[in-house]
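Have a look at the structure below, then the notes.
Just so it is clear, none of the values below were taken in a lab; they were calculated from the coordinates. All values derive from a computational prediction rather than experimental measurement. When we count neighbours, we look across all protein chains shown, and the Cβ atoms used for this are built from the backbone with ideal geometry, even at glycine.
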Amino acid sequence: MSLADFVPFTPEIFLALAGFVVLIAGIPLGRRGARPAIVGAVAALALTAVLVLALGRPAAGPQQILGDMLVIDGLAVFFKLLVLAVSAAALLLSAGFIERSGYSSGEFSALVLFADLGMFVMASSANLATLYVGVELMALSVYILVGYFKLELKSNEGAVKYFVIGAASSAVLLYGISLVYGTTGSLDLETIRSSLAEVPHDNILLLVGIVLIAFAILFKVAAVPFHVWTPDAYEGAPTPVTAFISVAPKAAAFALFIRLFAGTFAGEVDSWGLVLWLACAATLVYGTLAAMTQDNVKRLLAYSSISHAGYTLMGVVAASDAGTWAVMVHMAVYALMNLGGFGVVILLESKGYADVRVDDFAGLARRHPGIAAAMLIFLLSLGGIPPTAGFMGKLYLWSALLGSGFVGLTVISVATSAASLYYYLRIVVQMYLREDGADAGAPVEPLRDRWAEAVIAGCALLTLAVGVWPAPLVSWAKTGLDALGLV
């Protein structure tokens with residue numbers, strides 16, 4: 001390989017170097033340099049986005065680089081930019097949070113950048129080996145972020161549970177890869193795709209390998225029955241980390257789902273389709289029912305996140321071009337409403353770590369109407385109520401499912417979406433219909449954090465804008481399908 005072969009890989013190289021620079025620069029800043037370190041990390045993310053846009057869409061079409069280990073195409077660009085936007089928002093949400101906690105933000109910001117690097121590799125993987133490397137780089141960084149507040153018992157507990165179960169999922173992924181390699185003789189995704197025509201469709205080793213890979217990715221998106229780490233990790237992690245891991249790793253994992261199951265393994269849909277159908281249905285039902293019993297808002301949103309993984313899985317189950325770009329659209333709108341919702345939770349964490357409860361929202365609309373209005377938008381969007389972006393995301397997924405003939409799963413998803421309004425509207429009722437301190441003590445006063453408030457406002461406006469005019473986002477998502485031969 002020549003030096004020119006590394007030019008398309010420049011965003012990843014820059015992101016890695018930026019992570020090391022932020023890490024080293026944060027040492028002398030210590031606990032007093034929270035905002036400068038975060039500003040530097042956000043600036044690095046912005047420059048990385050410029051590099052992705054400049055180098056990520058080769059004029060001649062998808063481009064294989066680094067010995068055909070990675071591919072640069074529209075799908076990779078979409079998810080890379082989504083990950084960068086989510087990371088920047090999470091870092092801005094974390095500025096005041098880290099500052100108040102007394103922890104250093106240099107290591108924190110660097111870990112976010114290193115996790116992004118792993119997600120970049122996942123989004124561009126053209127080989128099962130690089131896919132595994134990307135997953136592990138992302139996962140190891142995220143494990144540390146979840147346990148970043150090492151003096152908090154909940155943070156330690158969440159990190160340990162996430163790490164132990166994550167290690168098991170990595171072993172499952174590696175074993176699945178080995179079975180696929182053993183039956184096809186290659187790790188290259190395009191070679192595997194072409195060689196599947198020569199492998200008997202009843203080859204049990206191949207089918208088990210594909211299903212094991214699916215299981216490992218289902219863990220990364222927190223789908224049932226691989227969800228058990230989610231509530232404790234979401235509750236225990238610093239809330240900006242919770243906002244980050246609820247969106248960015250899922251986006252990268254769904255990029256793998258699209259590249260593998262809408263591309264490489266598309267011809268074997270009869271072997272994996274039922275498995276994903278069952279996982280999708282179970283995720284929708286369990287996530288919705290479990291959220292109904294929660295009073296801790298972080299755990300409620302954790303189970304909500306599980307159910308939304310089920311909604312996004314519907315696009316993969318549909319196994320069509322409409323389902324594929326619907327996955328991409330839903331991940332983008334989910335990022336807006338989930339980041340905004342967790343942003344409001346951050347502002348309400350004045351009384352204690354990871355202890356915001358539903359009744360803490362009592363009377364918020366009277367005392368802080370702007371924050372309450374933003375939370376109302378996010379909750380309605382999560383519930384799929386028009387004219388929000390969440391409604392449009394679900395609408396495209398339902399349309400794709402019906403177009404592929406999955407009437408039963410569509411009925412289940414519509415029913416769970418209607419049922420989910422119960423726990424979302426519980427918070428709305430507290431904000432708008434309950435008096436301050438109706439249940440106990442003085443009302444919880446939101447913290448003043450201009451950076452977090454700006455992120456919340458931006459997410460709220462975009463949630464409404466995409467709900468009213470989704471065409472630009474849909475058009476952008478469709479550009480990511482060229483590499484898969486779906487357009």
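Miscellaneous remarks
- Proxy reagent accessibility, fewest Cβ within 10 Å first, across Asp188, Asp360, Asp202, Asp295: Asp202, Asp295, Asp188, Asp360
- Taking packing as the residue-averaged number of other Cβ atoms within 10 angstrom, the listed peptides 334-343, 276-285, 314-323 run from highest to lowest as 334-343, 314-323, 276-285.
- Label-reachable residues, the stretch 284-301, where backbone N falls under 11 Å from a point 7 Å from Ala415's Cα toward its Cβ: 285
- Arg448 versus Tyr181: modelled label distance in nm, points set 7 Å from Cα along the beta carbon direction: 5.8 nm
- Per residue of the chain, the DSSP helices (runs of n ≥ 4 H) give a summed -39500 (n - 2.57) that works out to -24000 deg cm²/dmol at 222 nm.
- Just so you know, the Rg over Rh for the stretch 120-239 is 1.07, from Cα atoms, with Rh as the Kirkwood radius.
- Anisotropy class assigned to the stretch 67-171 is oblate, per the alpha carbon gyration tensor with a/c at or over the 1.5 cut-off and a/b no larger than b/c.
- Model label points for Ala197 and Ile13, set 7 angstrom from Cα along the Cα-to-Cβ axis, are 3.8 nm apart.
- Angle of helix 407-433 to the longest C-alpha principal axis of the chain, folded into 0 to 90 degrees and rounded to 10: 20°.
- Working note: Debye formula, equal point scatterers on the alpha-carbon atoms of the stretch 179-270, no solvent; log10 I(q)/I(0) at q = 0.23, 0.24 Å⁻¹ is -1.10, -1.16.
- Think of each Lys and Arg Cβ as +1 and each Asp and Glu Cβ as -1; about the Cα centre, that makes the dipole of the stretch 305-433 roughly 240 debye.
- Burial ranking of peptide ranges 261-269, 304-312, 207-215 (average Cβ count within 10 Å, highest at the top): 304-312, 207-215, 261-269
- Chain lengthening between Ala167 and Ala465 when straightened (0.36 nm per residue, less Cα-Cα): 103.3 nm
- Above 41 Å, the calculated P(r) of the chain contains 13 percent of its Cα-Cα pairs.
- Pairwise label distance in nanometres, Glu157 with Ile24, each label 7 Å out on the Cα-Cβ vector: 4.0 nm
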